[in-house]
């Protein structure tokens, strides 16, 4: 109930976990990993960012092991990929939309948890962004891929999260934080991410500049 | 004394740490790393799973830095590999047996620590399994190898641990936990692992199924 | 003020963070990462060792998110690399000197934090060394490089840190710890590292011995 969204937040949070877990398990299949690799990549993708968030702010036991629904949903997602990975791969578009929603929600929850733990604005932006993208980075490291969010040819992913985390921190500091602002910011992050996907927005990189 | 096995537990625990450290230092030699890499891989292989376990459940300072015997044993194992790495490599069979024992013990200790910290059954299974296999995964990442436990051609490693962690959680919940049940489960994990090695049991993988 | 050096310590600490962040962002440029990768590698290189240190000893929220100056300095360093990466690359020599100073300071601060948290000498050596070299290892993992400090052809880096951490633990245990001893040890680590660079001192490796 950290964002104040209540039941809706919980459903969306678990939906985000489910979709991140689908992405992790799917990558494991593409890498030829066995079922252990599928479950492990599902776990780190879905819960890794939140674990990093909780460790850094000192909120332990981490949320991922405090609520068995997380674990059930992750294993369920790995199971879905196990029996229907072709179907999941084919549903790339809806998965990307739900993934964008997951980024938005994880960002807001992460930033709020940091602010509630007494961190200031820059730290909350860092923690909120890390909560959204950290799991994917650990997933890529375990799969021996270059972290997707660092690649010059990837569409904006961490930057919408950073914007959302900054927005969350601003409304929090102005005492305007509540279900409406939380939902609005999460949705804003989602929309920016989807626009980046649609129009191929990329972050600048030094190497690509004319010398 | 968490498993209730007392001195025997302690000896076995340090033996498990020693063997895991041997494996880490040996991999460093095969990778051509220097003595720093040997000691570092020995540390993460032997103590990485327990560190992850303690961080996630919030038991800090982590056990690895609370008991200097761990550090002494790890550095000792790296030293043994340094002076006799060919001998260690040649003793592959006894090392695998002791490694299997290490998995069993780390699993039971990990699951019990999680349960004692108030985690429920699914979380204890996750933490117990991670305690047993987490160090090896971090070792492989640092050595830039594909994590062994994820590979479709690897014999069962994480699954015996998960079974043992589940067994530990069940006896704990039934209030049947004690030295006998702890030892029995650790031994059971060891035996399953050794049978998997002997008969080449592998976990299923989606990619290997007929399409 | 942990080392007792006061303002000078703070300036040097932030200077160390700045230089480590420069190294991280520069590696990101060489890898062709975008601005997200630059900022991320700057963060993990500069603050990763300290985060590991704080997590292991249980000092949370970690220092990296408790003091916004760290975050400002890291982002600033990434910005400097963004606008002047050729200049930064060309200033290799002064960067290496400041990096050596950073190792010295991070080692002493890390060991002292561990000792102040009640850890004993071997654990403080481990934590102090990890505080100095841990960020670079995580950076190399994220960039998919072999960890530099493990390579047989790398000049001494972790070993000066380990010596400094041991020295810090000794003066602490002898109740001789203070600004003078802290500064002296940090400087000693720096000098050993610079001598290693100058004379090409390398750690032994088993593979390179005659068989």
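Just a few scattered comments:
- Chain C: most fluctuating residue of C:74, C:133, C:11 per GNM, C-alpha cutoff 10 Å: C:11
- Cα-based shape type of the range C:95-169, given that a ≥ b ≥ c are square roots of the gyration tensor eigenvalues and the cut on a/c is 1.5: prolate
- Residues considered: A:143, A:90, A:46. Largest GNM mean-square fluctuation over chain A, using C-alpha springs under 10 Å, is found at A:90.
- With contacts taken as Cα pairs under 8 Å and at least 6 residues apart, the range A:11-142 reaches a relative contact order of 36 percent.
- Separation of the residue C:173 and residue C:144 label points, Cα + 7 Å toward Cβ, nm: 4.5 nm
- Between identical copies, the spacing of residue B:94 label points, each set 7 Å from Cα toward the C-beta atom, reads 5.8, 5.9 nm from nearest to farthest.
- Here r is the Cβ-Cβ distance between residue C:153 and residue B:180 and R0 is 41 Å; the resulting FRET efficiency, rounded to 0.05, is 0.20.
- Residue by residue along C:120-127, Cβ atoms of other protein chains within 10 Å of the local Cβ number 5 on average.
- Sorting A:60-69, A:122-131 by average packing, meaning the other beta carbons within 10 Å per residue, from highest down gives A:122-131, A:60-69.
- Comparing C:19, C:170, C:112 in a Gaussian network model of chain C, where Cα atoms under 10 Å apart are tied by springs, the biggest mean-square fluctuation is seen for C:170.
- Take each peptide in B:48-56, C:177-185, C:197-205, count the other Cβ atoms within 10 Å of every residue, and average; sorted highest first, the result is B:48-56, C:177-185, C:197-205.
- Gyration tensor (Cα) of the protein assembly as shown, equivalent ellipsoid semi-axes in angstrom: 34, 33, 24
- Inter-chain neighbour count for B:25-34: the average number of beta-carbon atoms from partner chains within 10 Å of each residue's beta-carbon is 5.
- By definition, a body whose alpha carbon gyration tensor gives a ≥ b ≥ c is oblate when a/c is 1.5 or more and a/b is not larger than b/c, and the range C:1-60 fits this oblate description.
- Distances between equivalent label points of residue A:79 across the copies, with each point positioned 7 Å along Cα→Cβ, amount to 5.1, 5.1 nm, shortest listed first.
- Projected label points at residue B:198 and residue B:91, each 7 Å from Cα along the beta carbon direction, are separated by 2.2 nanometres.
- Convex hull volume per residue for the range A:1-125, taking Cα atoms only, in Å³: 105 Å³
- Three-way shape label, chain B, alpha-carbon gyration tensor, a/c 1.5: oblate
- With helices as the sole contributors, chain C gives -25500 deg cm²/dmol at 222 nm; each DSSP H run of n ≥ 4 counts as -39500 (n - 2.57), and the sum is divided by every residue.
- Here residue B:8 yields copy-to-copy label distances, from shortest upward, of 5.9, 5.9 nm, the label point defined as 7 Å from Cα along Cα to C-beta.
- Our summary gives the range C:35-111 a relative contact order of 32 percent, counting only alpha carbon pairs under 8 angstrom and 6 or more residues apart.
- Averaged over the residues of peptide A:76-88, the number of Cβ atoms from other protein chains lying within 10 Å of each residue's Cβ is 1.
All of the numbers you see were taken from the coordinates with simple rules; none came from a lab. The structure displayed is predicted, hence computed values, not measured ones. All Cβ positions, glycine included, derive from the backbone under ideal geometry; neighbour counts span all protein chains shown.
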